[in-house]
There are 2 protein chains.
Amino acid sequence: MYLYNIEMDKRPSDTVIRAWTRLMRAQQLALGSIEGALKAAGLPPLVWYDVLLEVERAGPDGLRPYELERAMLLAQYNLSRLIDRIEAAGYVERKLCTDDGRGQRVVMTDAGKVIRRQMWPVYARAIECAVGDRLSEEEAEILGDLLGRLIGGQDDLTIPKTASNTVRARELAQ
Amino acid sequence: MYLYNIEMDKRPSDTVIRAWTRLMRAQQLALGSIEGALKAAGLPPLVWYDVLLEVERAGPDGLRPYELERAMLLAQYNLSRLIDRIEAAGYVERKLCTDDGRGQRVVMTDAGKVIRRQMWPVYARAIECAVGDRLSEEEAEILGDLLGRLIGGQDDLTIPKTASNTVRARELAQ
DNA sequence: GACAGTTAGATGCAATTGCATTAAACAACA
DNA sequence: TGTTGTTTAATGCAATTGCATCTAACTGTC
């Protein structure tokens, strides 16, 4: 009983708390700076990029919203409306899904490809500015490894998606 | 001209992109898990904790909203309404500021102290779960250092606040 | 095929956020 | 003092998010 409580109520060390705090802060600042850069350039917000990238990667047949949902860790109702907006802007299209009457396929439009390519340089510059300019290559690798440990095992769905989104941006972007 | 462009358009390496992506993802997951834990426990969201902590730390005279704003990297209009809500819940009080007719002082109530203390164990457990359980003490230290490098210099206002919020939570909690 | 259970996606509504603007108080200065 | 510019804080309004619920289509079982 005594030992049991010690285990259950184990409190984070100061070091752990510091890492936590800085994780929150660093992400907030980094995200803010990229969103600001995109807005300043008259471009859509960052989530749009992730969606567009995922959809473009999926090829001419696009993909199902629920696939997108899992790849992006986005709530279903949230994604549904996000697609509404992106579609309204003309960057993706919803096509009906032949093999599943409930569903649909989200596919890229030409305008979508264009805008995604326009966003990438701005995005890239912001990443470089927030991370690349501040860490050596070795440090960035260590940071990536450590953060990977925080991601892994948190949620079944996220594990296979670890290398997702932005990582593959490099391949597509130019 | 050629060299100039190379500098300006320097693109992030794959390693840097990976670190970036995982920063976003790790924070998203970690934040989500703590918010979920708080909600499940019937407690207010995480921002409330940060506000309450900052206000409690400020002592009996409280602090000015604009100080809070800077400490927390929160937009002014956003904070204004956040205080509205926390005040409506009875956890802080707005008192008028003797030395500045425009302003006010946000001070803690007893109920606020109680709720903050109730939130801490849940918060602490979530931090331990998201970070402490996944990294050794040494790794957490390295992670904190690297993240600190991402924070420093990004914004003048944030530098003096690096050790902010949650870090000091430990002292107050319990 | 009928029926219970599950999954995909949308939607009404409330809460929160972002943006632009406003009002009041202060500060500096002619 | 009157004028101009700045800082503090609030607020109207639109956009986004979160929650709960709903519909339609699928799956499996009998």
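Using 0.36 nm times the number of residues separating residue A:80 and residue A:100, minus their current alpha carbon distance, what extension gain do you get?
Numbers: separation 20, 0.36 × 20 = 7.20 nm, distance 1.73 nm.
Difference between extended and current length: 5.5 nm.
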Given the whole protein assembly as supplied and a 1.4 Å probe, what does the accessible area of residue B:95 come to in Å², nearest 10?
100
May I ask you to evaluate 6.51 cos²θ - 1.76 cosθ + 1.60, the Karplus curve with θ = phi - 60°, for each residue of the range B:128-142 and list the ³J(HN,Hα) values in order in whole Hz, giving x for glycine and proline?
4, 5, 7, 10, x, 6, 9, 10, 6, 4, 5, 5, 4, 5, 4
Can you list the aspartates and glutamates whose alpha carbon is less than 18 Å from that of residue A:113, not counting same-chain residues fewer than 8 positions off?
A:50, A:54, A:56, A:61, A:84, A:87, A:93, A:171
Scan around residue A:105 for amide H atoms under 5 Å from its own, H built in the peptide plane at 1.01 Å from N, and keep only partners 5 or more places away or cross-chain.
A:95, A:96, A:97
For residue B:63 and residue A:35, extending 7 Å from Cα along the Cα-Cβ vector and measuring point to point gives, in nm, a value of 2.2
With each pseudo-label sitting 7 Å past Cα toward Cβ, what's the residue B:89-residue B:113 distance in nm, one decimal?
1.9
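Set the bar at 26 Å for Cα to Cα. Now go through B:39/B:95; A:10/B:39; A:39/B:95; A:39/B:39 and name every pair that lies beyond it.
On the way: B:39/B:95 30 Å; A:10/B:39 21 Å; A:39/B:95 37 Å; A:39/B:39 32 Å.
Beyond 26 Å: B:39/B:95; A:39/B:95; A:39/B:39.
Where does each of A:103-111, B:115-123, B:140-148 land if you order them by average Cβ count within 10 Å, highest first?
Values: A:103-111: 17.3, B:115-123: 19.0, B:140-148: 21.0.
Result, highest mean first: B:140-148, B:115-123, A:103-111.
The values are calculated or read from the model by the stated rules, or taken from the named source; none is laboratory data. Here the structure is a predicted model, which means the values were calculated and not measured. When we count neighbours, we look across all protein chains shown, and the Cβ atoms used for this are built from the backbone with ideal geometry, even at glycine. Accessible surface is based on the protein model in full, side chains and every heavy atom, while ligands, DNA and RNA are left aside. Shrake-Rupley method; radii C 1.70, N 1.55, O 1.52, S 1.80 Å.
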